[in-house]
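Working notes, structure below.
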Amino acid sequence: EKKEVVISVPGEIWALNPSTGKLNWFAETSMTGNVTPSVIVDGETIYSFGGYRSNGSVSINAGGDDDVSQSRKNWTSRSSSYVATPLLHEDRLYWIDDHGLAMCINAKNGEEIYRSRVPGLSGRPVYASPVLIGGKIYVVTRIAGTIVYLPGDKFEPLITNRIAGDETDFNASPAISNSRIYLRSNKSLYCIGE
């Protein structure tokens, strides 16, 4: 079984041999500038999001040699996330971008399922990546609390939870362990559970 380290950099995705660090293959992308989101891997399928000025997303199949830009690419899309790594769930990718838009695209073809303005968000409202807990998507916003919504064909927030008394930014993605959620603000670390 061949193992590879896959990273996304401005303009390309690279697959490296973890033993030698040598390049196995690469694929050109339209994403320039900052490529902040982590690469998402689902079996042999790789998804990458990001870019600044020229942003977008791409899906490619792992493997090959040298330049696989055309031969292994599944799709490209203008839909993108600048900071947060989208959540892959049941062949869909979900996220709230740094402009306050809730996004969902089809992971098989890159087609947009919805793009919806999230009420009450302004500025650069979300840096944290979404997580799936108990069938619900949780997105920690920087100053407006944690938005909880269901996966599906449209964005319908169920509730927004805020931590009273902490007006600092929440930039970090939540961590989940032993039925507890850990949230970090610029002021404190919070552990929430039953």
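Observations on the structure shown:
- Straight-line reach from Lys22: taking Cα to Cα under 13 Å and skipping same-chain neighbours fewer than 8 places apart, the aspartates and glutamates in range are Glu4, Asp65, Asp66.
- Solvent-accessible area, 1.4 Å probe, carbon plus sulfur percent, for the chain: 46
- Of the chymotrypsin sites (Phe, Trp or Tyr not before Pro) found in segment 16-118, those that fall in a DSSP loop while having at most 16 other beta-carbon atoms within 10 Å are Tyr52.
- Of the GluC sites (Glu not before Pro) in segment 107-193, those whose Cβ has at most 14 other Cβ within 10 Å and which sit in DSSP loop: Glu111, Glu167
- Solvent exposure of segment 38-156 as accessible area per residue, Å², 1.4 Å probe: 45
- For GluC sites (Glu not before Pro), the sites in segment 1-105 that DSSP calls loop and that have at most 13 other Cβ atoms within 10 Å are Glu1, Glu44, Glu90.
- Spatially proximal lysines relative to Lys108 (Cα-Cα < 21 Å; intrachain offsets below 8 disregarded): Lys73, Lys154
- Split the chain at each of the trypsin sites (Lys or Arg not before Pro) in a DSSP loop with at most 15 other beta carbon atoms within 10 Å, and the longest piece is 109-153.
- Reachable aspartates and glutamates, given that their alpha-carbon falls under 13 Å from the alpha-carbon of Lys3 and they are not under 8 places away in the same chain: Glu44
- P(r), alpha carbons of the chain - 5 Å bins starting at zero, rounded %: 1, 8, 16, 19, 18, 14, 11, 8, 4, 1, 0
The values are calculated or read from the model by the stated rules, or taken from the named source; none is laboratory data. These figures come from a predicted structure and were not determined experimentally. Cβ atoms come from the backbone with ideal geometry, glycine included; neighbour counts cover every protein chain shown. Quick note on the areas: whole protein, heavy atoms, side chains included, nothing else; ligands and nucleic acids left out. Shrake-Rupley method; radii C 1.70, N 1.55, O 1.52, S 1.80 Å.
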